[in-house]
Amino acid sequence: MLPPASDIQLRFPDLEATTQFGLMLGDMLKSGDVIALNGDLGAGKTTLTQAIANGMGIIGDVTSPTFTLIQEYPGTIPMFHIDPYRLTDPADAYDLGLEDYFDRDGVVVIEWAAKIYEYLPMDMLVISIELPELTSNDEVRTLTMRGIGDRYIELVKSICMRYPEMCVMVTRAIDEF
């Protein structure tokens, strides 16, 4: 049986608004949370991850671990930043010991999460970042969030309470999953 899920969509006019959202989200996270990010190259996954880390109180540069695959950032609650972009076979995620990170004290943020979906926990917050196809403003972002499981459904509701004017409930599934 699949856990219950809730989807919302937020549209941010520029990267600053997206960053402010990431700061707020980071402040809401707790140890054990899993955030799965998807989106095209340049959509803003790393920018959002940086803001989440800053919102968690993590100080210092947060860069995409494209070549190292996993980067750990210490903090009151540590963050484990995973980027499987370069993996050619999803099974390689198992060889990396990916599942061990879900049992550690900390928050796990995964860029390009759809590449390793079968190795992710059932409960998580999935965020798909989309760029509009036709716009003169390349900073506009649409974030579709799916809270899967009770903790993440509550998190999505809390986000809607903070962004009521921008929060749109959606019924479509996130394409990547």
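Only the coordinates and a few stated rules stand behind these numbers; no lab work does. Computed from a prediction, not measured in an experiment: that's the story for all the values here. Here the Cβ positions follow ideal geometry from the backbone for every residue, glycine too, while neighbour counts run over all protein chains shown.
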| For E154 and R104, FRET efficiency with R0 = 22 Å and r from the beta-carbon atoms, rounded to 0.05? | 0.50
| message | Taking the Kirkwood radius as the inverse of the mean 1/r across Cα pairs, report the Rg/Rh of region 5-169. | response | 0.94
| request: Within region 54-156, list the chymotrypsin sites (Phe, Trp or Tyr not before Pro) lying in a DSSP loop whose Cβ has at most 12 other Cβ atoms in a 10 Å radius. | output: F67
| For the chain, what's the relative contact order in percent, using C-alpha pairs closer than 8 Å and at least 6 residues apart? | 34 percent
| note | For L37, the residues 5 or more places away or on another chain with a placed amide H closer than 5 Å to its own amide H are I110, E111, W112, A113, I127
| task | Give me the distance between the Cα centres of region 42-67 and region 80-115, rounded to whole Å. | result | 15 Å
| Got a sec to turn the phi values of region 121-126 into Karplus ³J(HN,Hα) couplings, 6.51 cos²θ - 1.76 cosθ + 1.60 with θ = phi - 60°, whole Hz, x for Gly and Pro? | x, 5, 9, 5, 9, 9
